[in-house]
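For reference, the structure discussed in these notes is given below.
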Amino acid sequence: MAGKNVLVVNDLNFETEVMNSDQPVLVDFTATWCGPCRQIAPFIDQLADEYAGRAKVVKLDIDESPSTAARFGIRGVPTLYVFKGGRIVAQQQGAAPKTILARLIDTGIGA
């Protein structure tokens, strides 16, 4: 379950919500069976609250949206990408501390 400021995206709305967003977007490519994904989920929720209005935070379940996962070559989860203007400006593969995840978003805001 995502936090109140975390948007759940899928193959159908990824283009609109992420690629065409006027704000930087942190995309958490995740899966329900992924332990490290559950480990960072509270950080993702906190960052969504902290960056509300400056950046979007979204989750995409790779099992429910295989086309988008394949499009970006997602081979493991969690994988986090920051998109700005429809292109990837920062990325992190694997679980990371909240400070590292915040730095990703900051890169997107400054890019």
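The values are calculated or read from the model by the stated rules, or taken from the named source; none is laboratory data. Predicted model, so just to flag it, every value in this text is computed and none were measured. A quick note on method: Cβ atoms are made from the backbone with ideal geometry, for glycine too, and the neighbour counts reach across all protein chains shown. Remember, those area values only see protein heavy atoms, side chains included, never the ligands or the DNA or RNA. Shrake-Rupley method; radii C 1.70, N 1.55, O 1.52, S 1.80 Å.
Quick notes
- The C-beta contact set for segment 1-27 (first residue in contact (Cβ under 8 Å) with a residue 12 or more places away in the chain, second residue β-branched (Val, Ile, Thr) and open to solvent by 60 Å² or more (accessible area, probe 1.4 Å), distance under 6 angstrom, 6+ apart or interchain) comprises Ala2/Val8; Pro24/Ile109.
- Picking from residues in segment 78-102 that are open to solvent by 30 Å² or more (accessible area, probe 1.4 Å) and in a loop (DSSP other than H, G, I, E, B), the one that is nearest to Asp49 (Cα to Cα) is Pro97.
- Considering residues of segment 1-21 that are among the acidic types (Asp, Glu) and over 11 Å from Leu60 (Cα atoms) only, the residue most open to solvent (accessible area, probe 1.4 Å): Glu15
- Checking segment 35-54 against the condition returns no match, with no residue being closer than 20 Å to Asn10 by Cβ, outside any helix (DSSP H, G or I) and without any contact (Cβ under 8 Å) to a residue 60 or more places away in the chain.
- Test: Ala102 is under 18 Å from Ala2 (Cα atoms), small (Gly, Ala, Ser) and at pLDDT 95 or above: yes
- Residue satisfying condition, being of a type in the set (Val, Ile, Thr) and over 12 Å from the mean Cα position of the chain (by Cα), within set Ile40, Ile44, Ile100, Ile88: Ile100
- Residues of segment 89-110 that are out of contact with any Ser or Thr (no Cβ under 9 Å at 6 or more places or on another chain) and closer than 14 Å to Asp28 by Cβ: Ala95, Ala96, Lys98, Ile100, Leu101, Ala102, Leu104, Ile105, Gly108.
- Count of residues meeting criterion [under 16 Å from Lys84 (Cβ atoms) and open to solvent by 50 Å² or more (accessible area, probe 1.4 Å)] in segment 24-55: 2
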